[in-house]
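S.K.: Right, I'll just put the structure down here and ask away after.
The values are calculated or read from the model by the stated rules, or taken from the named source; none is laboratory data. Owing to the predicted nature of the structure, the values given are computational and were not obtained by experimental measurement. Reconstructed Cβ throughout: ideal geometry from the backbone, glycine too, with neighbour counts over all protein chains shown. Accessible surface areas use protein heavy atoms only, side chains included; no ligands, DNA or RNA. Shrake-Rupley method; radii C 1.70, N 1.55, O 1.52, S 1.80 Å.
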Amino acid sequence: MWEFIAGTLIASWLNLLPRDQPKLSPLKPLAWEQTNIFQLPQLDQDLLAEQIIVAYLNDLNTQGAQSSRQGIWVQSDWSILGSNQGQTPLPAASLTKVATTLAALNKWGTQHQFLTDVYLLGKVEQGVLQGDLLVRGAGDPLFVWEEAIALGNALNQLGIREVQGNLLVTDQFYMNFQAQSVAAGKLLQQALDYRQWDESIKRQYDQLPPETKLPQVTFTGQVQAAKQIPPQKQLLIRHHSLVLTEILRQMNLYSNNHMAQILSDLLGGAGEIAAAAQQVAGVAPAEIELVNGSGLGEANRISPRAVCQMLMALDRLLRPSQSSVADLLPTAARDTKGTVRDRSLPPGTAIKTGTLDRVSALAGAIPTSDRGTVYFSIINYGGQIEQFRQQQDLLLNQLIQPWKLSSSGASLVSENSWYLGDPQRNTLKQIN
């Protein structure tokens, strides 16, 4: 009986395949969610999921989005629920950041913090540094206005209000995602003196605790790139970044390409990220092809299966710290900002989106109590981005109907455990 139903659906799908490759036309509202498969609750759950996916692809194909260019992989902890072009590398857009996230977590661990050190090159007399101030970065990808304000207040706390010299900045100091050292240094210099603030800095300051002071550190010299670190220096402040898990969550929440590329550079480039992701996730090298760490450009290609394997690998790495991919990715019903905004996804689903001109991708993990975690990856190609997004959401909501969702994946990340501009992450040294 069920073989006959499955055969009929697949035969219908094959008959509807276009002989040529017509130009894509706007997608019409889908009818697959009203097909008779939804009237058969007695179907085995795995077979039901497979038939939902077949019907979804069939409708996409009839609307001009060729099923041969649509990638899908859905699997629970113990079984594959459905696939289409599952092991074929496809333009992954920002699903590439899943590979960058995995490589970073594998190299540094959950609690890693990037250090930014501030040194004195001279003597301090009556609040004036007679010499240069040196800032040595180590790759903090989320050093922004709030962090700089806290650094300025730390300098004031140490009694420094004027620098009669230059602001020297090393490479790997990034400010507001600016990678060029002199440009980053100029932004830092502006943030250290509230009298130079523009409206964008003031807005960020207004988000800080009300007791936060206004920093005032002036420079008489210039901002210069530091090619070498002088031996005669005194460590003044050691700034610790947010922990890596929070940095990765912020990167994925907003799908920040600058942060992803900074991490990619620190990790050794796209080739190193791909190799690490392949090894940790246990997938063939052919299934992950990267040219950068952010996902910009269609040359970044990942198979839907490899995306799910990387998500599973992240969960394995996070398990000892009693966390999961929900602590690294935006999560439906928890996050209201970033890429999860305006999506209609099952509550508790941890997701990563990806968008290019002709690509709409969605991957993530759905916590269930009867099937464990269900991992999915959908990569749509054809240029009809908004329609694809709506269909992705609808597909997931149809798939979960027979499953029992679990609340475990929707646990809230504590918003009180960290904040940008927290002065507690600055360690101050005594001035000699």
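S.K.: Considering every residue within segment 217-237, establish whether at least one is among the hydroxyl-bearing types (Ser, Thr, Tyr) and touching a helix residue (DSSP H, G or I) at 6+ places or on another chain (Cβ under 8 Å).
M.R.: no
S.K.: I'm checking my understanding of the structure. Among residues of segment 131-149 that are part of a loop (DSSP other than H, G, I, E, B) and of a type in the set (A, V, I, L, M, F, W, C), which one is surrounded by the fewest Cβ atoms within 10 Å (Cβ to Cβ)?
M.R.: Among those residues, the one meeting the criterion is ALA138.
S.K.: Also: Checking the structure you have, find out if any residue of segment 267-275 is within 23 Å of THR339 (Cα to Cα) and open to solvent by 20 Å² or more (accessible area, probe 1.4 Å).
M.R.: no
S.K.: Would you point out the residue of segment 65-86, among those that are of a type outside the set (S, T, N, Q) and in a loop (DSSP other than H, G, I, E, B), that is farthest from LEU48 (Cα to Cα)?
M.R.: ALA65
S.K.: Just checking, does segment 168-180 include any residue being of a type in the set (Ser, Thr, Tyr), in a helix (DSSP H, G or I), under 27 Å from the mean Cα position of the chain (by Cα) and under 27 Å from ASP335 (Cβ atoms)?
M.R.: no
S.K.: Is it true that GLY82 is open to solvent by less than 30 Å² (accessible area, probe 1.4 Å), modelled with pLDDT of 90 or more and within 17 Å of ILE302 (Cα to Cα)?
M.R.: no
S.K.: Turning to a different aspect of this structure: So which of LEU317, LEU362 is among the hydrophobic types (A, V, I, L, M, F, W, C) and open to solvent by less than 10 Å² (accessible area, probe 1.4 Å)?
M.R.: Answer to the selection: LEU362.
S.K.: Here are LYS227, LYS213, LYS233: which of them is open to solvent by 40 Å² or more (accessible area, probe 1.4 Å) and in contact with a Phe, Trp or Tyr (Cβ under 7 Å, 6 or more places away or on another chain)?
M.R.: Criteria check complete, one pass: LYS233.
S.K.: Does LEU121 meet the test of being open to solvent by less than 20 Å² (accessible area, probe 1.4 Å), in a strand (DSSP E or B) and either over 18 Å from MET312 (Cβ atoms) or at pLDDT below 95 (or both)?
M.R.: No.
S.K.: Quickly run through segment 322-347 and pick out the residues that are more than 17 Å from the chain's Cα centre (by Cα) and either at positive phi or aromatic (Phe, Trp, Tyr) (or both).
M.R.: GLN322, ALA333, ASP342
S.K.: OK, next. Which one of these does MET251 not meet: (1) open to solvent by 10 Å² or more (accessible area, probe 1.4 Å); (2) under 24 Å from LEU95 (Cα atoms)?
M.R.: (1)
S.K.: Considering ASN153, ASN257, which residue is of a type outside the set (Gly, Ala, Ser) and under 29 Å from ALA92 (Cα atoms)?
M.R.: ASN257
S.K.: Further question: Could you tell me how many of the residues in segment 87-113 are touching a strand residue (DSSP E or B) at 6+ places or on another chain (Cβ under 9 Å), open to solvent by 10 Å² or more (accessible area, probe 1.4 Å) and assigned to a loop (DSSP other than H, G, I, E, B)?
M.R.: 4
S.K.: I'm told GLY382 meets every condition in (1) touching a residue at least 60 places away in the same chain (Cβ under 8 Å); (2) under 27 Å from LEU105 (Cβ atoms); (3) open to solvent by 10 Å² or more (accessible area, probe 1.4 Å); (4) of a type in the set (Gly, Ala, Ser) except one. Can you identify the failing condition by its number?
M.R.: Result: GLY382 fails condition (2) only.
S.K.: Looking at (1) more than 18 Å from HIS258 (Cα to Cα); (2) under 25 Å from the mean Cα position of the chain (by Cα); (3) among the hydrophobic types (A, V, I, L, M, F, W, C), can you tell me which one VAL163 breaks?
M.R.: That leaves (2) as the condition not met.
S.K.: OK, next. Taking only pairs six or more apart or across chains, which ones have beta-carbon atoms under 6 Å, a first residue in segment 42-67 that is closer than 18 Å to ASN380 by Cα, and a second residue that is modelled with pLDDT under 90 and of a type in the set (Val, Ile, Thr)?
M.R.: ALA55/THR35
S.K.: Looking for something surrounded by 22 or more Cβ atoms within 10 Å (Cβ to Cβ), in contact with an Asp or Glu (Cβ under 7 Å, 6 or more places away or on another chain) and at pLDDT 95 or above - is there at least one such residue anywhere in segment 155-166?
M.R.: Checked against the condition, which is being surrounded by 22 or more Cβ atoms within 10 Å (Cβ to Cβ), in contact with an Asp or Glu (Cβ under 7 Å, 6 or more places away or on another chain) and at pLDDT 95 or above, segment 155-166 yields no hits at all.
S.K.: Same structure again: Just wondering, is there one or more residues in segment 181-196 that are outside any strand (DSSP E or B), out of contact with any helix residue (DSSP H, G or I) (no Cβ under 8 Å at 6 or more places or on another chain), under 19 Å from ASN257 (Cα atoms) and open to solvent by 10 Å² or more (accessible area, probe 1.4 Å)?
M.R.: Among the residues of segment 181-196, at least one is outside any strand (DSSP E or B), out of contact with any helix residue (DSSP H, G or I) (no Cβ under 8 Å at 6 or more places or on another chain), under 19 Å from ASN257 (Cα atoms) and open to solvent by 10 Å² or more (accessible area, probe 1.4 Å), which makes the answer yes.
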